[in-house]
Protein chains: 2
Amino acid sequence: MAAYTATVTVRLKRGVLDPEAETTKRALSRLGFELEELRTADRFEIDLEAESSEAAVRRAEEMAERLLANPTIHDYEAVVEER
Amino acid sequence: MAAYTATVTVRLKRGVLDPEAETTKRALSRLGFELEELRTADRFEIDLEAESSEAAVRRAEEMAERLLANPTIHDYEAVVEER
């Protein structure tokens, strides 16, 4: 077994309304910042032990499928690094 | 001017309680997943135009300082990519 950190990034699919992003974008503009678009994403950094990096990625993807992401409105990606 | 995407990642400083992470970690364990630690972070992807990548990073850091992060409890990092 080796120690890995899996990072799962969960973001709304294109076209799905992102009220948090809209609110943040307006607030930044009111503060005088120039920006075109803003998107938000949630990131989960998970320390785990696994047989291989492939096993670690598979487990992180399963965590996303079962809990961290809602497949109807979210896309996700999982990457792992050895610790 | 060139088009950049600045990605600002905001996470709680080490030692600051992260109830969302604790709750998520417990839920994953109840689903039978093995994991040691879990940390959450917020990610903002900002499309903007700037004179240079240095100018784009500076603007993203300013956005973090003034709105996206609370310097008392958060650490943040800003990276930019040309679009």
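Values in this text are rule-based calculations from the coordinates and carry no lab data. These figures come from a predicted structure and were not determined experimentally. Cβ: placed from backbone, ideal geometry, glycine included. Neighbour counts: every protein chain shown.
Points worth noting:
- Taking every residue in region A:59-72 that is closer than 11 Å to B:Leu28 by Cβ and pairing it with any residue that is hydrophobic (A, V, I, L, M, F, W, C) and in a helix (DSSP H, G or I), at least 6 positions away or on another chain, the pairs with Cβ-Cβ distances below 7 Å are A:Met63/B:Leu28; A:Leu67/B:Ala27; A:Leu67/B:Leu28.
Residue-wise test of (1) out of contact with any Leu (no Cβ under 7 Å at 6 or more places or on another chain); (2) assigned to a helix (DSSP H, G or I); (3) within 21 Å of A:Glu22 (Cα to Cα).
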{"position": "B:Val10", "(1), (2), (3)": "no, no, yes"}
{"position": "B:Thr40", "(1), (2), (3)": "yes, no, no"}
{"position": "B:Leu48", "(1), (2), (3)": "no, no, yes"}
{"position": "B:Glu65", "(1), (2), (3)": "yes, yes, yes"}
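- Every test in (1) closer than 23 Å to B:Leu38 by Cα; (2) touching a residue at least 60 places away in the same chain (Cβ under 8 Å); (3) not β-branched (Val, Ile, Thr) is passed by A:Leu48 save one, and that test is (2).
- Where B:Leu38 falls short, out of the listed (1) within 29 Å of A:Ala60 (Cβ to Cβ); (2) of a type outside the set (S, T, N, Q); (3) surrounded by fewer than 18 Cβ atoms within 10 Å (Cβ to Cβ): (3)
- Residue, nearest to the chain's Cα centre (by Cα), within region B:25-60, restricted to residues that are among the hydroxyl-bearing types (Ser, Thr, Tyr) and more than 7 Å from chain A (Cβ to nearest Cβ): B:Ser53
- Per-region count, region B:12-21, residues more than 10 Å from chain A (Cβ to nearest Cβ), in contact with a strand residue (DSSP E or B) (Cβ under 8 Å, 6 or more places away or on another chain) and not in a loop (DSSP other than H, G, I, E, B): 1
- Residues of region B:1-19 that are closer than 20 Å to B:Ile73 by Cβ and exposed (fewer than 14 other Cβ atoms within 10 Å of the Cβ): B:Lys13, B:Arg14, B:Gly15, B:Val16, B:Leu17, B:Pro19.
- Among residues of region A:51-83, those that are more than 15 Å from B:Leu38 (Cα to Cα), surrounded by 15 or more Cβ atoms within 10 Å (Cβ to Cβ) and either in contact with a helix residue (DSSP H, G or I) (Cβ under 7 Å, 6 or more places away or on another chain) or small (Gly, Ala, Ser) (or both), counted: 4
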